[in-house]
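The values are calculated or read from the model by the stated rules, or taken from the named source; none is laboratory data. Predicted model, so just to flag it, every value in this text is computed and none were measured. In this analysis, Cβ positions are derived from the backbone assuming ideal geometry, glycine residues included, and neighbour counts consider all displayed protein chains. With ligands, DNA and RNA removed, areas are computed over all heavy atoms of the protein, side chains included. Shrake-Rupley method; radii C 1.70, N 1.55, O 1.52, S 1.80 Å.
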Amino acid sequence: QVKQRIAEIEQRGELVFESAHATREGRVIPVEISSRLIEYQGQAAILSTARDITARKAMAAALHESQEGQQALLNATIESAMLVATNGDILSINQPAAAHFKQAPQDLAGKNLFDLWPAEVAQRRREHMAQAVRHGAAVQFQDQCFGRVMEIAFYPVRGTAGAVERIAIYSNDVTGQN
């Protein structure tokens, strides 16, 4: 693998890759290696620097764990649940919500929620979402779409700076319950 990396550095002129190194104490740590082809004392040489990426790897693992927990929470309910950006882009969606659109959750990630509804429904719900963002408070309402009456709640989710960055949406089909 070393010969292959040297050949790649010689071909590209530089290469960044991850590896593992042993510390003086014998611990193995993840590192990012940045290598560049240079000239040293009149000859071609490779200069490499290694950076400890233990913290970055730990943050990535924590983020993955958080995302798994978020998806488990969404899937724990039989009601429709999703997390969207304030512009309506779907970040996470559970199976019952995806079923309303006759698609799989993985096929809806990244799509804009407002594009999935009829225009008049999208406009009403866009106004409710804007209200939740503007006031930073939950907005609950009933609406009809696809022949169903839905009880819907938009819950604002604040980012680290305190601004509303996402909206958690829960909906319950209440068709025929009155």
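Points worth noting:
- Listed by first and then second residue, the pairs with beta-carbon distance under 9 Å, at least 6 apart or on different chains, first residue in the stretch 1-27 and in contact (Cβ under 8 Å) with a residue 12 or more places away in the chain, second open to solvent by less than 70 Å² (accessible area, probe 1.4 Å) and part of a helix (DSSP H, G or I), are LEU15/ARG5; LEU15/GLU8; LEU15/ILE9; PHE17/ARG5; PHE17/GLU8.
- Total residues in the stretch 128-151, condition surrounded by fewer than 12 Cβ atoms within 10 Å (Cβ to Cβ), in a helix (DSSP H, G or I) and not basic (Lys, Arg): 1
- Single residue of the stretch 24-56 satisfying the filter (surrounded by fewer than 10 Cβ atoms within 10 Å (Cβ to Cβ) and polar (S, T, N, Q)) that is nearest to the chain's Cα centre (by Cα): GLN43
- Qualifying position, being within 18 Å of the chain's Cα centre (by Cα), more than 15 Å from SER171 (Cβ to Cβ), free of Cβ contacts under 8 Å to residues at least 24 places away in the same chain and open to solvent by less than 50 Å² (accessible area, probe 1.4 Å), among GLY69, GLY110: GLY69
- Sole exception among (1) under 36 Å from the mean Cα position of the chain (by Cα); (2) assigned to a helix (DSSP H, G or I) for LYS3, by number: (1)
- Subset tally (residues that are among the hydroxyl-bearing types (Ser, Thr, Tyr) and part of a strand (DSSP E or B)) for the stretch 14-31: 1
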